[in-house]
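The values are calculated or read from the model by the stated rules, or taken from the named source; none is laboratory data. Keep in mind the model is a prediction, meaning the values are calculated, not measured. Quick reminder, even Gly has a Cβ in these numbers, built from the backbone with ideal geometry, and neighbours come from all protein chains shown. These accessible areas exclude ligands, DNA and RNA; they are computed on the full protein's heavy atoms, side chains included. Shrake-Rupley method; radii C 1.70, N 1.55, O 1.52, S 1.80 Å.
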Amino acid sequence: MTYSIETENLTKVYKGFAANDGVSLKVPKGSIFGLIGRNGAGKTTLMKMILGFSSKTSGTIRINGKETEEELWKERGKIGSIIEVPAFYDEMSCYENTMYHARLLGIKDKGVVDQVLEEVGLSKFKRRKVKAFSLGMRQKLGIACAVLGNPDILLLDEPTNGLDPVAIAEIRRLLQSLNKKGVTIFISSHILGEMEKIATDYAFMMDGKVIRNISAEELKQTGKDLETYFLDIVGGETDEKDS
């Protein structure tokens, strides 16, 4: 099996506190990989290190099998991402924001922007200012910007957080469509029922460590749903927000 993302003993220490403590995981190429954990488990920190937004203290990161710093930065160019809340210029239109991101990526073809806005269901709103967008529309716009460069991997931190059921279903269909085109999706979410509908593999984090890995098929064989399985491992509530 080939892997889009791998980490080995990945550690991040802030002022003596290990936000990530020896994290090892493997994200299969072509999978929808769900990263699950309670508030403060270290999910966002892990994603930031993979993307190079935060430096590691120790350990190894591989993206598409590459691990030297030079290779990693090249491979990171093949990743589209949303970390925390997507940032846009509110006084600019949906189209203008997307075109701005396209130009940052060196994309000059306006047809590419029109295509991605169509794919995420925003083409009829492309002239609307982003300040008038709902949270769900902002999340869709974030995904549109993330897929502009035809990435091999999408890394999404809580992309459905705060959305209503209709918006969540629309995001789910969008991610499934992208995955069918061969995009590997690495996603964190607290909406476990929704995660169970789309993920092929899971990793569970607690106190900065990955404490369990399981495939969707293996989960099915346990006879438990994802929420029950998660609570059996870590206990507590499942609706807290990550940090």
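With the requirement that a residue be at pLDDT 90 or above and open to solvent by less than 30 Å² (accessible area, probe 1.4 Å), what does the range 149-174 give you?
P151, I153, L154, L155, L156, D157
Taking the stated definitions as given, is K140 open to solvent by 60 Å² or more (accessible area, probe 1.4 Å) and of a type in the set (D, E, K, R)?
Criteria not met by K140.
With the structure loaded, tell me whether Y100 is part of a helix (DSSP H, G or I), open to solvent by 40 Å² or more (accessible area, probe 1.4 Å) and not acidic (D, E) or whether it fails that test.
In short, yes.
Is there a residue being open to solvent by 10 Å² or more (accessible area, probe 1.4 Å), without any contact (Cβ under 8 Å) to a residue 60 or more places away in the chain and farther than 19 Å from G80 by Cα anywhere in the range 203-211?
Going through the range 203-211, the residues open to solvent by 10 Å² or more (accessible area, probe 1.4 Å) turn out to be 206-207, 209-211.
From what is left, the residues that are without any contact (Cβ under 8 Å) to a residue 60 or more places away in the chain are 211.
Next, from what is left, pick out any that are farther than 19 Å from G80 by Cα: 211.
The answer is yes, given that some residue of the range 203-211 is open to solvent by 10 Å² or more (accessible area, probe 1.4 Å), without any contact (Cβ under 8 Å) to a residue 60 or more places away in the chain and farther than 19 Å from G80 by Cα.
Mind telling me which of the residues E91, E71 ends up being outside any loop (DSSP other than H, G, I, E, B), acidic (D, E) and modelled with pLDDT of 95 or more?
E71
Taking the range 155-191, which residues are touching a strand residue (DSSP E or B) at 6+ places or on another chain (Cβ under 7 Å) and among the hydrophobic types (A, V, I, L, M, F, W, C)?
L155, L156, L175, L178, V183, I185, F186, I187
Among the residues of the range 58-93, what is the count of those that are hydroxyl-bearing (S, T, Y) and open to solvent by 80 Å² or more (accessible area, probe 1.4 Å)?
Residues in the range 58-93 being hydroxyl-bearing (S, T, Y) and open to solvent by 80 Å² or more (accessible area, probe 1.4 Å): 1 in total.
I'm trying to understand the selection: among the residues of the range 1-40, which are out of contact with any helix residue (DSSP H, G or I) (no Cβ under 9 Å at 6 or more places or on another chain) and of a type in the set (F, W, Y)?
Y3, F17, F33
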